[in-house]
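Bear in mind that the values in this text are calculations on the coordinates, not laboratory data. Remember, predicted model here, so these are calculated numbers, not experimental data. Neighbour counts are summed over all protein chains in view; Cβ atoms, including those assigned to glycine, are modelled from backbone coordinates with ideal geometry.
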Amino acid sequence: MKRILFYLLFLSIPFSGCENMLDIEPTRVVSEENMWEKMEDTRAALMGVYGLTKSALVDRNAFWLYGEVRSGEFAIPVRRDLRAIAANELNANDVTLETLRNWRRWYAVVNAANIFLERSPEVLEKDARYTVNNHQVDMAQARFLRAFAYFYMSRIWGDVPLITSASEWSFNNKPREEKGKLLAWVEQELLKAAEDMPFRYSNNDIKQQGNYYNEQTSRWDGALATQNSAYAILAHLSAWQGNYPNAAAYTAYIDENYSHSNINYATTANLTSSSGFFYDKHSSQMFGFPGVWAHVEAAFTGHIEELTLAAPVVNKSIPDMYMTKETVVRVFDEAKDQRFSIDTLGNPLTEVYFTNFNGRYPIFSKIKCIMAGVSDPSFRIFSSALVFTRLEDVTLLRAEALAVLGERNGAVDMLNRIRENRGLLPYSEEANGDLIDAIFQERHRELMGEGHRWYDMVRYHKIKNNDPDFVKLINEGGIYWPIAEPLLQQNTLLEQNNYWK
Amino acid sequence: MKEKFPTPYNVGIVAFIFMSLLQLQLFASHKDGYINRSSKLRLLQDTVPKLLDSVFELNFKSVRINSVQKPVADIETSGNATIHQFLKGEAAGLYVTERSGEPGTPNSMFIRGISTPIFSHKDVYHNQPLVVLDGIPLVGTHPFSYMIQAYDLDRIGPENNLLSNIDLSNIESIEVLKDMANTAVYGPMAANGVIKITSKKSVTDNKKRISLHSFVGVSARPQVTTINGDYENRFRQQFYDLYTTSGRYNDDDTYPVYLSDSLNNRYYGPSNWSDSYYNNGLNYGVNANISGGGSRSNFQFSLGSLQNAGIADDAKFQKYNARFQLDLQPLKWLFFHTSINGTRLNRDRNRNLRNRYAMMAYLPDLSAPLAPNKETYDAYLLEQDKGFDNNFSNILDGNVGISVQSGKFQLKSTLVADYNEGFRDLFYARTLMEENSFAANYYGYNQRLVFNNVALYDWKLNDHSSLFLEGASILQWDTHKYNYAYAYKGVNDFIKINLLRFDDTHADHLISRAFPRQLVYKFLDRTRHNLVSFYSRGTYNLQDKYTASLLLRYDGSSNAQPTERWLFTPTLALGWNLKNEFLQDNSLYESFKIRASAGRLGVLNLYDNVAQGPNYTAQIGYTGNVIVPGYNAFAGLVRPYEDGWIGYDMPWAYTDQLNVGFDFQLSKRRIYFSLDAYVKHTKNQPLGIPSLAEYGYAYNLASGMDVKNTGIEVSVGGDIIGNTNRDFRWNSGINLGFNNNKLTALPGGLDEVVIHDRKLKVGERIDAFWVLENQGMFHADAEVPQVNGVTKNYNGITFKAGDPIWADQNGDNRISSEDRVMQGNFIPKVAGSWQNNFFYRNFDLKASFYFNLGRNILNQEMSDRFNFINNENANNMNSVKEITYWEKRGDYGRYPLYNPWSAVNAYQATQDLFLENGSFLKLRQVSLGYNLSDIVGASLDGGNLYIYLAANNLFTLSKYSGRDPEVANYMGIDQGHNMLLPRTYLMGFKLNF
């Protein structure tokens, strides 16, 4: 009997404590209860919003496919998906296009920002280290990134649903918001965000005191959005809307303040060096998403180099996209252009923008950050930053705004700043033609491969109104992308863009 | 929020104590009887800690018909290595197919069909049965590592088939448990059925017994037709002749260099690569087993080794197995059992480019494929040899059991440990890939601990009836972990050091010196799962005619949400012995019984994140770069947008199964017949429904998917020529499993949903293909129909001459995904085998056929072949050309010559042009044996000697135009990359004395 009692005792061991056994703290996810407790959580969440924004931009190289390939100015030797985009066959049955028609990644940015805006105040109460100022700056960035996401989406799809709360316990489908209203809201949001954003982080800016998250300026330069970033997006937004007075005002603000963010004009050598402007992260990248080599952030995909580089720059026989000789010569039509110009014998002066110019495929090699910014062609892993806007872009945008508003001298001044930096003579109507044309030509050359070209073309044709086909495309909404079929099925309140029905 | 300890179980504890007290009283009153009984010791082997799984086992053990048709001794002669291979076709209702002939690769088994749709590798894990070895529920790998993998190919790590840890020479029986009467006792892990493996018992007669089994054989190199660049060039030229005028489709069209230069001997010369790629392989196996001892203490020890070789790339699989078993009875009432089974697996893997590139997550320039020329291919193989790929696993399965027995009361306590670890250390030299070396180190383990307590009471109610009571608690801890690192571009090809130091106490154990720090990627991950189960069961037996068993269980899983942690499931099983009822005096019927069971079992969540509900994770990456952990070198935390939203109140999924069956055996010709019919309805399953896109989520993990599997299983056999002639006997047996699945509900009342390019529709199968129907080809632009001025188009792209005519299902003159139809299925409707054994004197000849009927295969290999315009230089996985690209495969004549340049993607795989009948019949094994026991038996002290010759995979009958209808992937797609099943020949002997 004793032994049985002993045994029963032994048996009873497992009956206790099994409830605890079923509560496992997961090592792979952070549970709802353990989030929003401390300032490391807000940092992780905010970095998450930045990371998602970068992923939305570079997934399947969408940023360059939307912005460059769609212009149709690049020749596409082999990739059928790119060819479809260049031919404006945006309904093509292809996994790349299917992804590009889908806005889900952008709404992940919106959702993450919404959650941040709603939940981060909890940390203020729980973690004494988290200061009100730190929180304010964090909130401003989340607000900025959310507004940026909407601006970006509106350029791609026109009207999109406006969702401004996380609604985690009552997700509901919403119809598309008319783009005018949407962009007006975006503008207000950007202005509101800009109020709390510093020019530079950890630099004792009046808006952000002390070391931001205990890190120094160098950690944040080029990685985070600053007040100048916000104004640059405001300027782009206004220009996109055709509201050039506002565009002029916002660019003027940057013109006055860019030095506070330690932003400079880039020299041609720096711009085109493999370890130059696009390499790493630094303050002159006014708003960008770096892929820092030292941070182990280099990647095989999600960089323009994946599309444009090929032999002899890297080991790849045919580039995904290239610019034909004819196009290059047409765009770079001025002598002594440091970026590209040909001598009388037809030989290029420099190879910084285009390598192998006289070969079968001229390689567009303006951006070529291979590994640690080296010229080793053997391994196609890239470290360039995605620079959404830089001072040259804003300067030319200002030139455009002033030109449209009729402030010709101001516009020419702005244009000449860039021309001068690139070794060109000052603008003259006789040599360079119409001012608007010259400004857009300059944008084309200066910002080639930086994801601006398609939107530039849309703005140009809106101003010029002289290309019936393009104007028709604008008027019929053909400048927007079709909405992915799965999105329409998930949310029955959505309607396909008319042009793509 | 957390549910308290379930109240019904509190009642259970009281009942348990009551039962125990009852026993104490009985103990006192039956003391004499106890002493008498104890003098006659029970068989020690009862202490082997196995669960008594079935009511039928308890009451009608003698009349049970084996679920696995072939005796283990016969399966053994095939020389195979894995449980999947052992059981292929051997049990009605168990579907196993060898998706690759590469030896030792992971495989899957499906018992009674699939109850969760399969979209990717990880969904296969959801459908796997539980494998139990001597009461040890074996733990396998966990699919969580796919999180860091850019391609859904091999899981990282050694990917050895861990279910090759048994040596058949040690095995007494293998059973496939399918219905609730058998499986309920194993709990939620058994929701997809159980494979139960029981080892041989040790001897108890104080004699030493030695048995020896050994075989040696070859895998025969297959005969293939090779092609060269000239052949491929001529194939392509047909299209150029048809659709181009100048040999170029447009200005940008580039003809691949390797085909355009007919003077290039590497591509245009002899295509003799197959001499270096294909090979004959050596197979061997040896196992020795010694057993000794008496009834109070005995042991068993065995050692074995086995090699299976593939027919290409020198692929090999080796296993070394050691097993020790000890039974002791130190006191009359105390029983002790322990067994340890250790296995080492080594595998030489394939050298496919795609597997390598997928692991590296990097595609080099693909414009110059491997050349079909032997010298060039040999040179390439030499570069392979500069590196290494060490791929091995260690498996340890052990248990220790104590059991106390006093009278009719028995307490058993078992501690079970199952552990397996896998290693893969590899290095690829720089010369192999554009000056970039690559190193990777993987170490991972899977571990399971189970503490199992069972109380049994055999209560004899009266002369006619008895009640067998059982109560148990089972605690189980599972852990899966891996450390993985890989790096590119080492300093040279001589330093191939490990990236991870094994000793992780060093502060710098993660820092590599031979590879650039910026190109070293490191991952650590771990996931755990705990399971707590209680059950009680009462089995009532009346007059050996009727039996009824009720099992009630409570299961709590740490992967279930806190509010829904516990699930109560009952199972009722009934049996009626017709032989005893009506046929007592009928000598024709040896046995006849009818069985019925109905029950419910919970279905576990595979991932721990479900338990957390809404959570935050680091899913920040993008296509092709899924491993992004954050931003600006700070970790990021965001909602799991890629995996999908997980809300609260996710209930347990469960499976309800109703089974009726009957079995009889006749005394004449040893005829047996067994039939089972089942309905298995798996309900409330979570499914990631594509939704909430405007909240950033790819899916909403919602509960409510119901899948119904129905089927009939028959096994029948007997002597066709039997006792009439003493010298010659022929017996034959067939087993058939019919299975049908149907989706009966989707979450949220949805009617249909498209996930991963497959459609799920309520009322349809869950394994159907979703394809466009071909109806010919447009021969001229004018043939393309116009409706209201709109020309028929494909997603807006107008059809032209040379484009396929796809059926316009909805008649809108526009072909889109709405015109794709659900067709066919990849899980066969009928699978089974047919066994024939002939005996003449001491000779035996055995032949077994394996078949799948009512199954389809999507021949993607041919789609890729014809889609050369899109695939050439596309720089994605589909455009990787293996050396086997230079092999003539498939039937080109089946396919019309569409315009391969067309933007409608004329040769896309998702059309019924590439969907084929995948039914087949295979002669799986023929063996010829001779029993020498009569001759040598005397000198072996009554032992046996048996010698045999065997051949496997001799021929296949099938309409499939590809290589082998068995070799398609887990979604029924034949991409043409998997190795063929080898035809093997072997000879061996079995000796015991």
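Note on B:821-830: average number of Cβ atoms from other chains within 10 Å of each residue's Cβ is 0.
Ranking A:Q208, B:G696, B:H681 by Cα position along the charge dipole of the protein assembly as shown, where only Lys, Arg, Asp and Glu carry charges on their C-beta atoms, puts B:H681 farthest toward the positive end.
Beyond 20 Å in Cα-Cα separation lie the following of the pairs B:K200/B:K593; B:K88/B:K829; B:K683/B:K742; B:K88/B:K922; A:K174/B:K683; B:K708/B:K761: B:K200/B:K593; A:K174/B:K683. The trypsin sites (Lys or Arg not before Pro) of region B:645-678 include none that meets both conditions, a loop assignment by DSSP and at most 12 other Cβ atoms within 10 Å of the site Cβ.
How big is D for region A:37-196, in µm² s⁻¹ as a whole number, if Stokes-Einstein is applied with the Kirkwood radius of its Cα pairs at 25 °C and 0.890 mPa s? Stokes-Einstein gives a translational diffusion coefficient of 143 µm²/s. Partners of B:K522 within straight-line reach, counting lysines whose Cα lies under 27 Å from its Cα and excluding those fewer than 8 residues away in the same chain: A:K38, A:K54, A:K281, A:K368, B:K122, B:K386, B:K481, B:K489, B:K496.
Counting, for every residue in A:379-385, the Cβ atoms of other protein chains within 10 Å of its Cβ and taking the mean gives 3. Residue ranges B:98-106, A:240-248, A:466-474 sort as B:98-106, A:240-248, A:466-474 when ordered by packing (mean number of other C-beta atoms within 10 Å per residue, highest first). Legend: calculated FRET efficiency, B:F235 to B:N917, from the Cβ-Cβ distance at R0 = 35 Å, rounded to 0.05, equals 0.90. Each Lys and Arg contributes +1 and each Asp and Glu -1, all at the Cβ; summed about the Cα centre of the protein assembly as shown, the dipole is approximately 5280 debye. With Cα atoms defining each centre, region B:142-202 and region A:426-501 are spaced 58 Å apart in the structure. When peptides B:652-660, B:188-196, A:46-54 are ranked by their average number of other Cβ atoms within 10 Å per residue, the highest-first order is A:46-54, B:188-196, B:652-660. Working ranking of peptides A:322-335, A:390-403 by packing, defined as the average number of other Cβ atoms within 10 Å per residue, highest first, is A:390-403, A:322-335.
The lysines within cross-link reach of A:K462, meaning a Cα-to-Cα straight distance under 18 Å and a gap of 8 or more places when in the same chain, are A:K179, A:K472.
Within 14 Å, Cβ to Cβ, of A:V352, how many net charges do the neighbouring residues add up to if Lys/Arg are +1 and Asp/Glu are -1?
Details: positive: A:K336, A:R339, A:K366, A:K368, A:R422, A:R445; negative: A:D337, A:E351, A:E446.
Local net charge: +3.
Panel values: region B:370-494, Kirkwood radius from alpha carbon pairs, Stokes-Einstein at 4 °C and 1.567 mPa s, translational diffusion coefficient 66 µm²/s.
Computed log10 I(q)/I(0) for region B:581-691 at 0.16 Å⁻¹: -0.87, from the Debye equation with unit scatterers placed on every C-alpha and solvent omitted.
Would you kindly give the portion of the calculated P(r) for chain B that falls above 46 Å, as a percent of all Cα pairs? So the pairs more than 46 Å apart make up 33 percent of the total in chain B.
For chain A, the residue among A:A401, A:A86, A:Q188 whose Cα projects farthest onto the positive side of the dipole built from Cβ charges is A:A86.
Under 16 Å of direct C-alpha separation, and excluding same-chain neighbours fewer than eight residues apart, B:K412 reaches these aspartates and glutamates: B:D46, B:D53, B:D134, B:D327, B:D458, B:E470. Relative to its Kirkwood radius, the Cα radius of gyration of the protein assembly as shown gives an Rg/Rh of 1.00.
If the viscosity is 1.002 mPa s and the temperature 20 °C, what translational diffusion coefficient in µm²/s does Stokes-Einstein give for chain A when Rh comes from Kirkwood over Cα pairs? For the chosen part, D equals 88 µm²/s. Each Lys or Arg adds one and each Asp or Glu takes one away; over the other residues whose Cβ falls under 15 Å from the Cβ of B:T710, this sums to +1. Peptide B:791-797 shows a mean partner chain C-beta count of 4 within 10 Å per residue C-beta.
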